[in-house]
Amino acid sequence: MSAGRGKYRILLVEDHTLLREGLRYLLVADPQFEVVGEAGDGLEAIAQTRRLQPDLVIMDLSMPKMTGLEALREITRQHPKIKAIALTMHDTEEHVRDALRAGAAGYVLKTASHGELLSAVRAVLAGQRYISPRMTRPDIDGYLEQARPPEVTAWDTLTTREREVLKLIAEGYKSREIADQLCISQSTVEKHRGNLMRKLDLHSVSGVTAYAAKRGLIAT
């Protein structure tokens, strides 16, 4: 909570403007909360977090340029005291685990009510963990209690840069365009492309696109 103002500072990260505006109006209606910034993609979220130092980041997981998971991982690495909530349409155990591994303290579905989102925000700001009630099955509860170590998947073997390249390939960008966006050489892009396809056992651009869609990295 910011000194002298008595309000929790929140950064909203969502690429759909209408939804982002709705979230802002919902939050600022509560005198405890102040929305200090907004971002429309993962890269902007990292920059805004560094500049604004909010108490809480509410992060959509499926965004352009950099996924919410990658942005969350980088934000919580750079700013371990800043709390984060993943706000998403994905209701699978795998997505919950990925979000928690990335540093999220809360996981809320976009189908949740306004009341549930506010409850999640209050719980996370109070130092608790909040998982949407629809997701609290025994397997996820066991994971939260660290009853068993997380299973390492092929996705976990990808580097951050390989994940960025995968997402951009799936979004239809060519190697030269990816090189320009990431400020690397085209040959480096091709190297990352080959590595990620080998690790994921993928053999075509359509396969990469299908994989990215399945993981919620791109809109379908």
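The values are calculated or read from the model by the stated rules, or taken from the named source; none is laboratory data. Keep in mind that this is a model prediction, so the values were computed, not measured. Heads up, the Cβs are rebuilt from the backbone with ideal geometry, glycines too, and the neighbour counts pull from every protein chain shown. For accessibility, only protein heavy atoms count, side chains too; no ligands or nucleic acids. Shrake-Rupley method; radii C 1.70, N 1.55, O 1.52, S 1.80 Å.
Some notes on this structure:
- Sequence-distant contacts, meaning Cα pairs under 8 Å at least 6 residues apart, place the relative contact order of region 1-86 at 30 percent.
- Entry comment: accessible area of the chain is 49 Å² per residue, from protein heavy atoms only and a probe of 1.4 Å.
- Length added when fully stretched, residue 24-residue 171, from 0.36 nm per residue minus Cα-Cα: 50.1 nm
- The angle separating the long axis of helix 205-214 from the principal Cα axis of greatest extent in the chain is about 20 degrees.
- Gain in span if fully extended, residue 47 to residue 78, counting 0.36 nm per residue against the direct Cα distance: 10.1 nm
- Within-15-Å neighbourhood charge of residue 124 [Cβ basis; K, R +1; D, E -1]: +2
- Based on C-alpha pairs under 8 angstrom that are at least 6 apart in sequence, the chain has a relative contact order of 15 percent.
- Residue-wise HN-Hα coupling along region 69-81, computed from phi with Karplus coefficients 6.51, -1.76, 1.60 (Hz; x: Gly, Pro): 4, 5, 5, 4, 4, 6, 5, 6, 6, 6, 9, x, 7
- Per residue of the chain, the DSSP helices (runs of n ≥ 4 H) give a summed -39500 (n - 2.57) that works out to -14500 deg cm²/dmol at 222 nm.
- Using alpha-carbon coordinates, inclination of helix 186-200 to the longest axis of the chain, degrees: 80
- Dimensions of region 1-124 from C-alpha coordinates, computed as largest minus smallest value along each principal axis and given longest first, are 39, 31, 25 Å.
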